[in-house]
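The values are calculated or read from the model by the stated rules, or taken from the named source; none is laboratory data. What you are looking at is a predicted structure, and each value in this text was computed from that prediction instead of being measured. Quick reminder, even Gly has a Cβ in these numbers, built from the backbone with ideal geometry, and neighbours come from all protein chains shown. Side chains are part of the model used for accessible areas, which takes the heavy atoms of the whole protein and leaves out ligands, DNA and RNA. Shrake-Rupley method; radii C 1.70, N 1.55, O 1.52, S 1.80 Å.
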Amino acid sequence: MTPSLHTFHIPVMGLAFTIDTPIRLAHFGISSVVAITDDELIERMRAFYSEKFKKPYTEISQKMDDFRAQRITHYLNLMDELVKEKFESFKVELAESKTALENYLAMLPNQSEIKAQLNQLIDEGALQTERFKKYIETHLHPGAIDVNIMTKVDKENFDKNTPLGTEYNDAHAALRGFALSNLNSSVVLSAGMNPRLYSYFESFADFYPDENGQLKKKIILKVSDFRSAMIQGNFLAKKGLWVSEYRIESGLNCGGHAFATDGYLMGPILEEFKQKKNELIDSAFALMTKALEHKQKAIPEQPLPIKITAQGGVGTAEEHEFLLEHYALDSVGWGSPFLLVPEATSVDAETRKLLAQAQESDFYLSHISPLGVPFNTVKGTTNEMHKRKRVEQNKAGSSCPKKLLALSKEYDDQGICTASKKYQDLKLDVLNEQKETLSAAEYDRLKSKITEKACLCVALANASYLENNMPIKGQAQGVVICPGPNLAYFDRAISLSEMVRHIYGNAQVLADKNRPMFLMKELSLYVSYLQNELCEQFEKANSAQIKKWQSFKNNLLQGIDYYKNLFRQTTCFSQIRSEIMQQLAQAETELEAIELEAVAVCS
């Protein structure tokens, strides 16, 4: 496993926001993740970059066999080619330009051995010598071009009314597109376990270790807790497949879809991974070797490397370093802040301005996703405006041109999206039949619940089209953006150099000095989440639901106890320790109040 030049990575964001991030900055050694959900966006981006860099291009139309996988493979291959070309040019530039080299060194981690060696070579006057060029050639490498698949976005596809084979399901085709590409990188699996998809990995040799114990393509699991990691890791290991990284993401202090845990907080979760990492490795290795032996494949002599990384709400160099040191992490994910870095992400100017100006109260956990999962977004998007206008004109719903989230079988065996006009018309017809029996307030609430769903397939892709002046066809959807709450504390466009130096403590780009420490922010989000759950559902809750809430609350209280002990012992965050302890006490008081009278939190 090639060591990374950086101690951070850029996670996947939306469909479009990191769609070309590797092309933009992988030559700096920065790893990032590309969504491979939307094959139409991918095909248009391949056409765009083929023209920009004068590469041959032949369209892969929807009339071609296996077009979805083919589009993904060809785009990833183009991206791999462009990154390699940019990296070769970048190495020449570093060897010939002291300014370029100094700018590059300023972005490397302070403790980087490569940074120290390059500075030493400069001090020795070795710049532009063969010795210097050889060192660059040997030690520098591009960042990884990783890809993301949401495992549950695996819609069945049809030839007219005839279902195609499972291998043509959306996520299956995306996996095939990655597996058949030239990339030597990883696929990040998010949104939970999909046994059929996981079993499909067995079809591709690149996911198995070779005679030297090397993997051409690796598996990264985005998980919420240790138990989930153990279950999924062992499931894959029984098939001879190795998980090379477990990527822990905050359940609520994150961008995009928010998969809340049962009250388990990030700190205790990371502590369990730290304490039980060897258990994770030993269990998976025993199962993998047995499976590889049965399949008569090469068996590694020892367990393959495993990385443990984390992401969600990190915003300062101190927080970054704390995660690396205290929890022995291999990397920390920085997502939402990079939405304000034009060099790094694909965001249109209007939306980037909205993000920069948005206040803490503008970022919220919405119900706009057709997946039925809470979704972090920001008020004032152009999609919100278009959606509201259609509702006012009694034309609610999307035309649903892509059908990537057409997963509901309530009205159609082939699937229908809950954001579509077809679905919302049917639901509104039912609601209107009940109108006379409902109060005006209740009618409006139920109508809003139906019409609030957004066409994410289109609105999460439009930012790339707008930024690159590419035509947008069909019904106007505007842009949906999915930042985490942490972005509230950044208030301007930021250069790549500034952001990277901020991560390593060599620059300051945060606007709000009163920003809560990221673990305390997550705690407050979880307390609010529980309170909102009680407000919305307490009157019709059964004993099982109340028991679940009690467990949720107890897990939060245990997390608070963990943090009290942690911050009494650690030397980190010394300047804000008293503030942290006050926030812990306040959260504990709020949770205790819930126990006295749960319905009182609604007041």
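Nearest-5 percent of antiparallel DSSP beta bridges in the stretch 85-244? Intermediate values should be presented prior to the final figure.
Numbers: 2 of 11 bridges.
Of the beta bridges lying entirely in the stretch 85-244, close to 20 percent run antiparallel.
Distance between the C-alpha centres of the stretch 112-144 and the stretch 482-558: 41 Å, rounded to the whole angstrom.
Distant-in-sequence amide contacts of VAL223, defined by a placed amide H-H separation under 5 Å and a gap of 5 or more residues or a different chain, comprise ARG247, ILE248, GLU249.
Filter LYS152/LYS453; LYS218/LYS307; LYS222/LYS276; LYS54/LYS217; LYS218/LYS297; LYS52/LYS353 down to the pairs with a C-alpha to C-alpha distance above 21 Å, please. Beyond 21 Å between Cα atoms: LYS54/LYS217; LYS52/LYS353. Simple rule: put +1 on each Lys or Arg Cβ and -1 on each Asp or Glu Cβ in the chain, find the dipole, and look at THR418, TYR104, ILE576; the Cα lying farthest toward the positive end is THR418.
Charges at C-beta only: +1 for Lys and Arg, -1 for Asp and Glu. How large is the resulting dipole of the stretch 104-151 about its Cα centre, in Debye rounded to 20?
Working: 4 positive and 6 negative charges, 11 e Å.
About 60 debye.
For the stretch 135-230, report the % of Cα-Cα distances exceeding 20 Å. Before the final figure, lay out the partial values.
Values: 2120 of 4560 pairs.
Across the stretch 135-230, Cα pairs with separations above 20 Å total 46 percent.
Along the charge dipole of the chain, Cβ charges K/R +1 and D/E -1, which of ALA95, PHE207, MET520 sits furthest on the positive end? With unit charges placed on the Cβ atoms, the residue in question is PHE207. Applied to the stretch 18-31, the Karplus parametrisation 6.51 cos²θ - 1.76 cosθ + 1.60 on θ = phi - 60° returns per-residue 3J(HN,Hα) values of 10, 4, 10, 4, x, 5, 6, 9, 5, 5, 7, x, 8, 8 Hz, with x for Gly and Pro.
The apolar share of the surface of the stretch 1-50, taken as the fraction of accessible area on carbon and sulfur atoms (1.4 Å probe, ligands and nucleic acids excluded), comes to 57 percent. Near VAL373, no amide H atom lies under 5 Å from its own; only residues 5 or more places off or on other chains count, and H is placed 1.01 Å from N. Per-residue 3J(HN,Hα) values for the stretch 327-332, derived from phi via the Karplus relation 6.51 cos²θ - 1.76 cosθ + 1.60 with θ = phi - 60°, read 9, 6, 7, 8, 6, 10 Hz in sequence order (x marks Gly and Pro).
Taking all Cα-Cα distances within the chain, those exceeding 44 Å account for 19%. Hey, how many Å between the Cα centroid of the stretch 292-341 and the Cα centroid of the stretch 366-397? Distance between centres, Cα-based: 34 Å. Sequence-ordered 3J(HN,Hα) estimates for the stretch 533-543 from the Karplus curve with 6.51, -1.76 and 1.60 and θ = phi - 60° stand at 4, 5, 4, 7, 10, 4, 5, 10, 6, 9, 5 Hz, glycine and proline given as x. When both bridge partners sit in the chain, DSSP labels roughly 25% of those beta bridges antiparallel. With the simple spin-label model, which puts each label point 7 Å out from Cα in the Cβ direction, the ARG515 to GLN62 separation comes to 4.2 nm.
Heavy-atom surface analysis with a 1.4 Å probe gives the stretch 319-443 a carbon and sulfur content of 49 percent of its accessible area.
Hey, what's the stretch 514-603 come to in accessible area per residue, 1.4 Å probe, Å²?
The answer is 57 Å² per residue.
Between GLU436 and ILE546, the modelled labels are 3.8 nm apart [label points 7 Å from Cα along Cα→Cβ].
If you rank LYS155, LYS133, LYS473 by how much accessible surface each has, with a 1.4 Å probe, what is the order from largest down? Please report the intermediate quantities before stating the final value.
Details: LYS155 20, LYS133 85, LYS473 175 Å².
Heavy-atom accessible area, descending, gives LYS473, LYS133, LYS155.
What FRET efficiency comes out for ALA507 versus SER448 if R0 is 45 angstrom and r is the Cβ-Cβ distance? Round to the nearest 0.05. Mind dumping the intermediate values first?
Numbers: r = 43 Å, r/R0 = 0.96.
Once rounded, the FRET efficiency stands at 0.55.
The modelled label-to-label distance between ALA100 and ARG131, using points 7 Å beyond Cα along the C-beta direction, is 2.2 nm.
Calculated accessible area for the stretch 66-125 comes out at 47 Å² per residue, all protein chains present (probe 1.4 Å; ligands, DNA, RNA ignored). Computed about the Cα centre, the dipole magnitude for the stretch 385-519 is approximately 260 debye when only Lys and Arg (+1) and Asp and Glu (-1) carry charge, each at its Cβ.
Note down the magnitude of the dipole of the chain about its Cα centre, charges +1 on Lys and Arg C-beta and -1 on Asp and Glu C-beta and zero elsewhere, to the nearest 20 debye.
Values: 69 positive and 78 negative charges, 196 e Å.
Magnitude of the dipole: close to 940 debye.
Taking amide H as placed 1.01 Å from N in the peptide plane, the amide H of HIS9 sits under 5 Å from that of VAL332, GLY333, TRP334, each at least 5 places away or on another chain. Expressed as a whole percent, the accessible surface of the stretch 107-177 that belongs to carbon and sulfur atoms is 46, based on a 1.4 Å probe. To the nearest 10, the accessible area of GLU245 is 10 Å² with a 1.4 Å probe. Once all protein chains are placed together, LYS403 keeps about 100 Å² accessible to a 1.4 angstrom probe. Sparse packing (at most 14 other Cβ atoms within 10 Å of the Cβ) combined with a DSSP loop state is found for none of the chymotrypsin sites (Phe, Trp or Tyr not before Pro) in the stretch 114-197.
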